[in-house]
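Read the structure below first, then the notes.
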Amino acid sequence: MDSDFFSVDNLAITFGGLRAVDRVSFTINRRSIFSIIGPNGAGKTTIFNCISGLYKPDSGKIIFKGEEITGLKPHRIAMKGIARTFQNIELFLRMTTMENLMLGRHIHTKTGVWSGSTFFRRGSKAAREEITHREQVERIIDLLDLQSARDQFVGGLPYGTQKLVELGRALALEPELLLLDEPSAGMNSEERQDLTFWVKDIQEELGVTILLIEHNMQLVRDISDRVLAINFGRPIGEGIPEEVQNDPEVLKAYLGEEESIDAVS
Amino acid sequence: MDMKRDYYEDIQLLDSKVLWFWFLILIASLIILPFLIPNYYIYMVNYMAVNVIVTVGLNILVGYTGQISLGHAGFFAIGAFITVLSMTNLHLPFLLALLLAAFVAAFFGFILGLPALRLKGPYLAIATLGFGLAITQVIGRWQIFGGRMGLEAPGLTLQGLFFSGGSYTLESDRQLYFLIIPIAFVLTTAARNLMKTRVGRAFIAIRDSDIAAETMGVNTVYYKTLAFAISAFYTGIAGGLYAFLIGFINPSSFSFILSIYFLTFVIVGGLGSIFGSIMGGITMTWLILKLDKVQELPYLGDILSAFSERWMSVTGFPNISSIIFGLIIILIVLFEPLGLYGFWIRTKIYWKTWPF
Ligand SMILES: Nc1ncnc2c1ncn2[C@@H]1O[C@H](COP(=O)(O)OP(=O)(O)OP(=O)(O)O)[C@@H](O)[C@H]1O
Ligand SMILES: [Mg+2]
């Protein structure tokens, strides 16, 4: 039963001749942490964009809980229980942290135009719904230690905090599958340690399955159950963290990158 | 961690006794106001209220959802003509006619929202501009809309608000005041509530990041068209009230320039703020009505209009009021991009920390 929780089968997409993702397949077990690694431009984010419906893959299938979700509209995919964060933070900058997280409750709430515009007291339908969901969001705020940012506009928050707000917003959707695109990018080592701890918590306590893109190998090693390495859109190795990290081909892919970095500097 | 919060406070309109006090003062003053000021000023206040409704409606679309419209004069016209026509031809009572007109406007708003799903920025601006122009053209050509001559608003009676017929006529600006102000009040409060809850958040989310909004489960197609429809609904109501405020409507009162004026109300008031919309609608209406009279100023008026006739106008008509209007808008946008709302916030902060 476990194996048909989430799987990607022969996923491929090209952009004007560039094979950004080229026949990638993998399977994620429920309640596990699965990481995708690879050098810059390998196609990691593109895989996320296909899963969350922002891109339509040229071919391949994406199966979630036994159901094909390939090519569905992004909001449909969200409603199935898949949430994500973005590599370049995509927050609602002129909303407060609380409002950002409340937006995360969108699919679990119902207030429409009429009840939303006509509530006038605590007992009104819209007000009751608002109160209940604010309470739930408050728990996420506590979990991620965001109390001090609660009523601040997120546009003014430091980068690391913004990343957490984005994580919180994704959690507010109560996803079964959570896609995290380089969550630790731009964080200092203390923030990164907290993050490692929270991601582990989210998996263990909340039972959320996590698909992670991450450049920090320490973090990947610490929390991943399985790792997939890709380069130029092609899978080049899959297995438990140690296996993949010592795989000659993976080392070569990263080495190639480092050499080019050295050459530049 | 024992900071128990009252979550209702976050969305409550009046969250303290002090605010309730001021709110009641406001209501009371609104009730006695028309008995204290001369007729012309009551007319002015009515006009302000109509423009506040438009500004709030347009702000929902532009300021909250981040979509542009240069065609709102079209919805305003639809509201005005449909209200009048459904009273004269269908013999609907006023309030029903007004509601019908608003829903017709909302329907057109929905239709106009469809291209908005594919168009962004300048392209959307052009599409909505085309819509506004088309509406005035259609209204100007069709006989049923009175053609170029326009239509006269039928007499309003007190019973006629709810049923057809009736004898107690509402004619004076003061009587209209008690019709327009409550409607403006209700619509403004409703908009404020809506923006505080789920639908409003979806609008703002689309404005700030439509990609994030849709991956969080917001059906952006639905909410974008909804924003157009609600915005048009508000503008339609305002149009219907305007017809009775002026008493007479013809296509030329709904020109492209009016759409631009509406947009300036929103920008001057402050994008994405209901309170700003109220301030924007009020001050800009005041400004427009005052500037119309600039020529009547002693000495200065003559000089200004002679100047503008001689140097600023191709047609030889004095256009000093438009020039001053434009100048004021440029200054506001330049020095207070957040509009009057931004100005208000800063003053509030200033007084909070005063005298330190
Ligand atoms: N919408 C697009 N149009 C054209 N090319 C694209 C598009 N999206 C991605 N690409 C290209 O696809 C390739 C893979 O990009 P992607 O963002 O998936 O890389 P990545 O593995 O996430 O890299 P990084 O580690 O830098 O985030 C890149 O060459 C990129 O330029
Ligand atoms: Mg990436």
- Task: Quick one: which residues, 5+ away or cross-chain, put their amide H under 5 Å from the amide H of A:Arg84? H built at 1.01 Å from N.
- Result: A:Leu179
- Message: Per residue of region A:107-115, what does 6.51 cos²θ - 1.76 cosθ + 1.60 with θ = phi - 60° give for ³J(HN,Hα)? Whole Hz please, x for Gly and Pro, Karplus curve as stated.
- Response: 6, 9, 10, 10, 2, x, 5, 5, 5
- Message: Given the DSSP H assignment, sum -39500 (n - 2.57) over each helix run of at least 4 residues in the protein assembly as shown and divide by its residue total; what's the result at 222 nm in deg cm²/dmol, nearest 500?
- Response: -18500 deg cm²/dmol
- Message: Give me a comma-separated list of calculated 3J(HN,Hα) values for region A:155-172, in order, Karplus coefficients 6.51, -1.76, 1.60 applied at θ = phi - 60°, integers in Hz, x for any Gly or Pro.
- Response: x, x, 7, x, 3, x, 5, 4, 4, 5, 4, 5, 4, x, 4, 5, 5, 4
- List A:Ser124, B:Ser16, ordered by accessible area with a 1.4 Å probe, largest first: B:Ser16, A:Ser124
- Message: Students sometimes get this wrong: rank B:Trp22, B:Trp286 by accessible area, probe 1.4 Å, all chains present, largest first.
- Response: B:Trp22, B:Trp286
- Query: Viscosity 1.002 mPa s, temperature 20 °C: Stokes-Einstein D of chain A from its Kirkwood Cα radius, in µm² per second?
  - Reply: 110 µm²/s
- Message: Restricting to Cα pairs below 8 Å that are 6+ residues apart, what does the relative contact order work out to for region B:1-111? Please round to a whole percent.
- Response: 15 percent
- For region B:1-65 and region A:163-195, what is the separation of their C-alpha centers, rounded to whole Å? 40 Å
- Links exceeding 30 Å between C-alpha atoms in this model, out of A:Lys44/B:Lys196; A:Lys80/B:Lys196; A:Lys163/B:Lys348, come to A:Lys44/B:Lys196; A:Lys163/B:Lys348
- Query: What does a probe at A:Ser25 reach in region A:60-86, counting residues whose amide N is under 11 Å from the point 7 Å along Cα→Cβ?
  - Reply: A:61
- Please state, as a whole number in µm²/s, the translational diffusion coefficient that the Stokes-Einstein equation yields for the protein assembly as shown at 37 °C and 0.692 mPa s, with Rh defined as the Kirkwood radius across alpha carbon pairs. 120 µm²/s
- Quote the Stokes-Einstein diffusion coefficient, in whole µm² s⁻¹, for region B:39-254, based on the Kirkwood radius over alpha carbon pairs, a temperature of 20 °C and a viscosity of 1.002 mPa s. 122 µm²/s
- Using a 1.4 Å probe and counting only protein heavy atoms, arrange A:Trp114, A:Trp198, B:Trp142 so the residue with the most accessible area comes first. A:Trp114, B:Trp142, A:Trp198
- Within chain A, what percent of beta bridges assigned by DSSP are antiparallel, to the nearest 5? 55 percent
- Are there residues in region A:72-89 whose accessible area shrinks by at least 50 Å² when all protein chains are included rather than the chain by itself, and which are they (probe 1.4 Å, ligands and nucleic acids not counted)? A:His75
- At R0 = 60 Å, FRET efficiency that the Cβ-Cβ distance of B:Thr347 and A:Asn246 yields, to 0.05: 0.40
- Query: What residues qualify as long-range amide H neighbours of A:Gly104, i.e. H under 5 Å apart, gap of 5 or more or another chain, H built at 1.01 Å from N?
  - Reply: none
- Tell me the label-point distance for the pair A:Arg128, A:Asp225, using the 7 Å Cα-to-Cβ offset, in nm and rounded to one decimal. 3.9 nm
- Query: When the Karplus curve 6.51 cos²θ - 1.76 cosθ + 1.60 is applied with θ = phi - 60°, which whole-Hz ³J(HN,Hα) does each residue of region B:178-188 get, with x for Gly and Pro?
  - Reply: 6, 9, 6, 4, x, 5, 4, 4, 4, 5, 5
- Item | Tensor-based shape of region A:61-148 (alpha-carbon gyration tensor, a/c under 1.5 rounded, otherwise prolate or oblate) | oblate
- Message: Keeping all protein chains in the complex and leaving out DNA, RNA and ligands, what accessible area do you get for B:Arg346 with a 1.4 Å probe, in Å² to the nearest 10?
- Response: 140 Å²
- Item | FRET efficiency estimate (nearest 0.05) - Cβ-Cβ, B:Ala134 to A:Ser32, R0 51 angstrom | 0.30
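The values are calculated or read from the model by the stated rules, or taken from the named source; none is laboratory data. Because the structure is predicted, anything quoted here is derived from the model rather than measured. Here Cβ is always computed from backbone atoms with ideal geometry, including for glycine, and neighbour counts include all displayed protein chains. These area figures cover heavy atoms from the full protein model, side chains too; ligands, DNA and RNA do not enter into them. Shrake-Rupley method; radii C 1.70, N 1.55, O 1.52, S 1.80 Å.
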